[in-house]
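Student: Encoded as structure tokens, here's the structure I'll be asking about.
The values are calculated or read from the model by the stated rules, or taken from the named source; none is laboratory data. Since we're looking at a predicted model, the values are computed, not measured. Please note: Cβ atoms are built from the backbone with ideal geometry, for glycine as well, and neighbour counts cover all protein chains shown.
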Amino acid sequence: MQNRLEMLRIFVAAAESESFKAAAAQLGISPQAVTRAVQDLERLHGEVLFHRSTRGIQVTTYGEALANRAKTSVRELDELFLQAPQRQAQELEGIVRLTAPVVLGRRWLMPVLENLSNTHPLLRFDLHLSDARAAVVDDRIDIGVRYGPVHDNRFVARRVAAPEFRIVGTPDLIARHGKPVNIEQLNDLPTTALRDISSGKAWPWYFADGDQLLPASPRFASNDGEAECQAILAGMGFGQIPAYLADQYIADGSLVPVLERFTPEPWEIYVYRPQRGPVPARVRLVFDSLVAAIAKYA
């Protein structure tokens, strides 16, 4: 097929040239290669395609009709291959469905999606924010972000960050209640709690060596991490929040870390996508952008 396609390409160039030598120069091949291609095509068709003379070549009536057909066929075949980059560009159009925990989505995903929407205005995004685990395959999610490793072999997952958790309180809260020096003292201090959206129960606080504490009577509880952070900043209680929420306020003095020697192992964050055959260029772009951005944020 490749030889016959090349034969037609050479024949079309010869039919549009004043000589086989001129066609050869246009194609970057030898005049002998042009002669051989024309002779092979004449044998296949059983027809003379050119009148040759010392003055040059003249395409025959049959050759002219064949050249017109061949020119169209060669152009259409070339377009099939030339369109591959164009198809890639077109694939940067369409919808990408994502899911992430609420705070991670607001803090980390939204800046990435905003930037991509400016660079690729034909991309569309459907972002589902929830602290409950999403049924990614069933909900036809393209990309997800979550705490903890992804063990399902139906997914491609990349570890991108491992933020620490900090126990913090305001300077005013510490001035009123003192700074705890051990985990047990937290039971006698005002605290906050984050509720699991699935069960409605408060998440335990985590500490080094696997120790945990469930706030017995939190002064403030919410199923929204940023709301809990605001309550901590208002001095309503000590709270345990991820470093990406706490550190900016620690840096400006709004919050003070406590019980630092009991800091637990960091929780890993993964970006993942289902393995569903070839990955569209738009999904790969968003996936790679999230991986790079979250690693930088963290």
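Student: For a quick check of your reading of the model, give me the residue pairs whose first member lies in region 200-220 and is on the phi > 0 side of the Ramachandran plot, whose second is part of a strand (DSSP E or B), with beta-carbon atoms closer than 8 Å and at least 6 apart or on different chains.
Tutor: none
Student: Still on this structure, please answer the following. Restricting attention to region 248-298, which residues are of a type in the set (Val, Ile, Thr) and without any contact (Cβ under 8 Å) to a residue 40 or more places away in the chain?
Tutor: Listed by number, the list holds a single entry, Val279.
Student: Identify the single condition in (1) modelled with pLDDT of 90 or more; (2) over 30 Å from Asn3 (Cα atoms); (3) outside any strand (DSSP E or B) that Ile95 does not satisfy, given that it satisfies every other one.
Tutor: So Ile95 meets the others, but not (3).
Student: Of all residues being in contact with a helix residue (DSSP H, G or I) (Cβ under 8 Å, 6 or more places away or on another chain), buried (at least 19 other Cβ atoms within 10 Å of the Cβ) and assigned to a loop (DSSP other than H, G, I, E, B) in region 119-167, which is modelled with the lowest pLDDT? Just the residue, please.
Tutor: Asp131
Student: Write out, first by first residue and then by second, each pair whose Cβ atoms fall under 7 Å of each other, whose residues are 6+ apart or on separate chains, and whose first residue, in region 72-101, is closer than 30 Å to Tyr272 by Cβ and assigned by TED's automatic domain parsing to the domain that holds Leu285 while the second is at pLDDT below 85 and hydrophobic (A, V, I, L, M, F, W, C).
Tutor: Pairs that qualify, where the first residue is closer than 30 Å to Tyr272 by Cβ and assigned by TED's automatic domain parsing to the domain that holds Leu285 and the partner is at pLDDT below 85 and hydrophobic (A, V, I, L, M, F, W, C), are Thr99/Ala134; Thr99/Val136.
Student: Looking at Gly253, Gly239 in this structure, which one is within 29 Å of Val112 (Cα to Cα) and touching a Ser or Thr at 6+ places or on another chain (Cβ under 6 Å)?
Tutor: None of the others qualify; the one that does is Gly239.
Student: Report, by residue number, each residue of region 183-200 that is within 43 Å of the chain's Cα centre (by Cα), at pLDDT 90 or above and not aliphatic (A, V, I, L, M).
Tutor: Listed by number, the residues that qualify are Pro190, Thr191, Thr192, Arg195.
Student: Only one of (1) in contact with a Cys (Cβ under 9 Å, 6 or more places away or on another chain); (2) surrounded by fewer than 22 Cβ atoms within 10 Å (Cβ to Cβ) is not met by Ser199, so which one is it?
Tutor: Going through (1) in contact with a Cys (Cβ under 9 Å, 6 or more places away or on another chain); (2) surrounded by fewer than 22 Cβ atoms within 10 Å (Cβ to Cβ) one by one, Ser199 breaks only (1).
Student: May I ask you to list the residues in region 179-199 that are β-branched (Val, Ile, Thr) and assigned to a strand (DSSP E or B)?
Tutor: Result: Thr191, Thr192.
Student: Check off (1) within 23 Å of Arg106 (Cβ to Cβ); (2) not in a strand (DSSP E or B) for Ile174 and give me the number that stays unchecked.
Tutor: (1)
Student: If Val279 passes every condition in (1) assigned by TED's automatic domain parsing to the domain that holds Asn118; (2) part of a helix (DSSP H, G or I) but one, which one does it miss?
Tutor: Every listed condition holds for Val279 apart from (2).
Student: Counting just the residues of region 285-296 that are surrounded by 15 or more Cβ atoms within 10 Å (Cβ to Cβ) and of a type outside the set (A, V, I, L, M), which one comes out nearest to Ala100 (Cα to Cα)?
Tutor: For region 285-296, the residue satisfying everything is Phe287.
Student: A further question follows. Which ones in region 200-228 are part of a loop (DSSP other than H, G, I, E, B) and closer than 17 Å to Ile241 by Cβ?
Tutor: The answer is Trp203, Pro204, Phe207, Leu214, Pro215, Pro218, Arg219, Asn223, Asp224.
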